[in-house]
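Below is one structure, written out as structure tokens, with a few remarks after it.
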Amino acid sequence: MITRHFASVVTALLFVVTSIVSVGVSAQSIGDIPASQRERLMPQIQAATESAGSGPSEADAADQERQARTLRSTGTYGPILTEQQQEELQPFGAELFAGGFRGLRSDGLNPDYRVLPGDQVTLRLWGAVEMDRVLPVDAQGNIFIPAVGPVQVEGVSHSQLDSVVKSAVRRVYPDNVNVYTNLQGVQPVSVFVTGYVNKPGRYVGVPSDSILYLLDQASGIDEELGSYRDIKLSRNGEVIARIDLYDFLLQGTLNHPQLQEGDTLLVEKRGPAITALGDVSKPYLFELSPGPLTGSMLSELAPLRPGVSHALIRGKRGTAPYSEYLPLERFESAELANGDEVLFLADQRSQNLVVQLEGAYLGKSYYVVPKGTSLHELLNEIAINPEETAWESISLRRETVAERQKEALNDSLRRLETTYLGASSSTAEESAIRVQEAELISRFVEEARKVEPNGRLVVAHQGKLVDVRLQDGDTITLPQRTDAILVSGEVYIPQSLVYIPGRSARDYIDAAGGFSQHANPDHILIARQNGEVRDAGEVQLLPGDQILVLPKVETKNLQIASTVTQILYQIAVATKVALDL
């Protein structure tokens, strides 16, 4: 489906354009941002631009200063997020600690596990000598094998344990002795988890456990204060590893020494953090490495959507508010500060339009044309068979027209409800009548609000085409030439009939079974193939016309009847459908 790039430019977006000019950046228009994208970004744009200015003139300087003082006094001076955004915004990596590691404790028997004092080793010998024992690893890191003596196994990996023991046994029994070893159990270790975690404490694991298991045991890192990039593993007062969880989140690597009894895991305070929102897959608070902060550091982390072209930076420098709107290539080298908010936008003006064809034509269905192309220019590129295509009845569908039709219909329905549903009654009899009318109006409004206008724009009149400038997303209809007349609405047998010159609309209605009991014979419309809708008494029928018989409004209130009839006419024009009451 083609993305539609046209809709009205809203006030918040105009501020962004003004900001571009004020900082001397060559700007792209934001008016072409698709409506769906603007709807998604509007709360963020409004929040990011709420307290900004656009270079006040001398006449406005005093007023700007007064507003600035007011904003400072109310605490809304500088970058802000909506309450919903604040609730939804999480530090990048917060999903790690949703209980995913807590129930997945390691058994310590992976090939890289290194033997520690307290572990137990199963030893079996057979052949010239037989033995079947479970040997503990003593405090010196040895296992004692009778007739062989102590064998140093501390620090030996699980995968190498068998070869180390075999080598020791065969120094005493070189021939006809088979050796089998197995690491039967490992010694649990307790580790202190502290710093900016939700539940600091002493937690038990096994030496080969990941620190993620222990952090999850402590209910994860404090989302407001804790660092995901500066975690220290200490042993006997000495830092033996610094861990950056972003390496695990982005690359899947998590390397640290095997844990030992009494180790301390310390989560440091969070470093400089930048909020990325807008055209990103998901808004996050990203923690950057200490030191000079640049836009490239954030763009490498933030999951930008395709087409992002600009970044709006909002923050503070000292005590003063700061904002800058930059193309993405310039943003890469821009200086950022702790607490900045960066709004990424796909704000690039397209130089082309995408237009679709429907109906009877030869060739492809989609055309990409330069902006400013007119309907006539495009039609010169389209091959048709004049005997099959009713070229004199070409029309086009446009989303902006459909939106205006929908707005006009909703306005009419609101006026209908406001005028008649809230009216008072002076007598019981009048009240009963108004109740019946209210039921009629409520049913009608409910059905009418479901109508989706087609956005048909009439560009053909009496065989001549008006030359209009095309818009992105236009759908051009080249109708099939036909000899049929369609009769629909309030007739007994809606159907298509063969066009016969000289016949009137009433003739075709009679051929379709005549008016139904709900028909309004005074409101018969003719819908042309070019999208034009006329009263049946004003035009002669042509091949391809559609006869619409509107329903009669069952009420004695002439004002209600007139208003509802007018709305029925609106719906018929917008949809070529006679809505059933």
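Every test in (1) part of a strand (DSSP E or B); (2) under 30 Å from residue 569 (Cα atoms) is passed by residue 315 save one, and that test is (2).
Residues in the stretch 394-410 that are touching a strand residue (DSSP E or B) at 6+ places or on another chain (Cβ under 6 Å), of a type in the set (Val, Ile, Thr) and closer than 30 Å to residue 446 by Cα: 401 only.
The residue that is nearest to residue 90 (Cα to Cα), among those in the stretch 207-217 that are open to solvent by 10 Å² or more (accessible area, probe 1.4 Å) and assigned to a loop (DSSP other than H, G, I, E, B), is 210. Counting only strands (runs of 3 or more DSSP E) that sit completely within the stretch 218-296, those holding 3 or more residues that are farther than 25 Å from residue 333 by Cβ and touching a residue at least 40 places away in the same chain (Cβ under 8 Å) correspond to 226-235, 264-269.
Per this entry, residue 326 is not counted among residues that are part of a strand (DSSP E or B), within 30 Å of residue 154 (Cα to Cα) and out of contact with any helix residue (DSSP H, G or I) (no Cβ under 7 Å at 6 or more places or on another chain).
The single residue among 498, 458, 491 that is in contact (Cβ under 8 Å) with a residue 12 or more places away in the chain and open to solvent by 70 Å² or more (accessible area, probe 1.4 Å) turns out to be 498.
For the stretch 560-577, how many residues meet the condition of being in contact (Cβ under 8 Å) with a residue 40 or more places away in the chain and open to solvent by 20 Å² or more (accessible area, probe 1.4 Å)?
Here the count works out to 9.
The set of residues in the stretch 272-327 being within 19 Å of residue 229 (Cβ to Cβ), of a type in the set (D, E, K, R) and touching a strand residue (DSSP E or B) at 6+ places or on another chain (Cβ under 6 Å) consists of 287 alone. Taking the criterion of being at pLDDT below 85 and crowded, with 17+ Cβ neighbours inside 10 Å, the residues of the stretch 186-196 that qualify are 186, 187, 189.
Being assigned to a loop (DSSP other than H, G, I, E, B) and open to solvent by 50 Å² or more (accessible area, probe 1.4 Å) is the filter here, so list the residues in the stretch 111-139 that pass it.
The answer is 111, 112, 128, 130, 138, 139.
Based on this model, can you work out whether residue 342 counts as within 22 Å of residue 196 (Cα to Cα), part of a strand (DSSP E or B) and among the aliphatic types (A, V, I, L, M)? So residue 342 does not fit the description; no.
Conditions (1) more than 43 Å from the chain's Cα centre (by Cα); (2) at pLDDT 90 or above; (3) farther than 30 Å from residue 352 by Cβ; (4) of a type in the set (Val, Ile, Thr), marked per residue:
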| site | (1), (2), (3), (4) |
| --- | --- |
| 440 | no, no, yes, no |
| 445 | no, no, yes, yes |
| 479 | no, yes, no, no |
| 484 | yes, yes, yes, no |
| 489 | no, yes, yes, no |
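Among the residues of the stretch 357-393, those identified as touching a strand residue (DSSP E or B) at 6+ places or on another chain (Cβ under 9 Å), without any contact (Cβ under 8 Å) to a residue 12 or more places away in the chain and not in a helix (DSSP H, G or I) are 364, 365. The single condition from (1) open to solvent by 30 Å² or more (accessible area, probe 1.4 Å); (2) modelled with pLDDT of 90 or more that residue 373 fails is (1).
Considering the stretch 140-165, the residues that are open to solvent by 60 Å² or more (accessible area, probe 1.4 Å) and not in a strand (DSSP E or B) include one that is nearest to residue 257 (Cα to Cα), namely 154. Of the residues screened, residue 294 is one that is open to solvent by 10 Å² or more (accessible area, probe 1.4 Å), closer than 29 Å to residue 248 by Cβ and among the β-branched types (Val, Ile, Thr). Applying the criterion of at least 1 residues that are of a type in the set (A, V, I, L, M, F, W, C) and under 15 Å from residue 569 (Cβ atoms) to the strands (runs of 3 or more DSSP E) found wholly in the stretch 484-556 leaves 519-527, 533-535, 546-551. For the stretch 244-291, the set of residues classified as among the aliphatic types (A, V, I, L, M) and open to solvent by 20 Å² or more (accessible area, probe 1.4 Å) consists of 249, 250, 254, 266, 285, listed by residue number. Only one entry in 529, 570, 566 is at pLDDT 90 or above and among the polar types (S, T, N, Q), namely 529.
Considering every residue within the stretch 98-110, establish whether at least one is modelled with pLDDT of 70 or more, surrounded by 14 or more Cβ atoms within 10 Å (Cβ to Cβ) and not acidic (Asp, Glu). No, the stretch 98-110 contains no residue that is modelled with pLDDT of 70 or more, surrounded by 14 or more Cβ atoms within 10 Å (Cβ to Cβ) and not acidic (Asp, Glu). Residues in the stretch 151-177 that are in contact with a Lys or Arg (Cβ under 9 Å, 6 or more places away or on another chain) and either of a type in the set (Ser, Thr, Tyr) or closer than 24 Å to residue 117 by Cα (or both): 154, 155, 156, 157, 158.
Restricting the stretch 539-559 to residues that are open to solvent by 40 Å² or more (accessible area, probe 1.4 Å) and touching a strand residue (DSSP E or B) at 6+ places or on another chain (Cβ under 8 Å), the residue that is nearest to residue 432 (Cα to Cα) is 552. If you filter the stretch 310-351 down to residues that are crowded, with 19+ Cβ neighbours inside 10 Å and among the hydroxyl-bearing types (Ser, Thr, Tyr), you find that the one that is farthest from residue 371 (Cα to Cα) is 323.
The values are calculated or read from the model by the stated rules, or taken from the named source; none is laboratory data. Please read these numbers as outputs of a predicted model, since none were measured by experiment. Note that each Cβ is placed from the backbone with ideal geometry, even for glycine, and that neighbours are counted across all protein chains shown. With ligands, DNA and RNA removed, areas are computed over all heavy atoms of the protein, side chains included. Shrake-Rupley method; radii C 1.70, N 1.55, O 1.52, S 1.80 Å.
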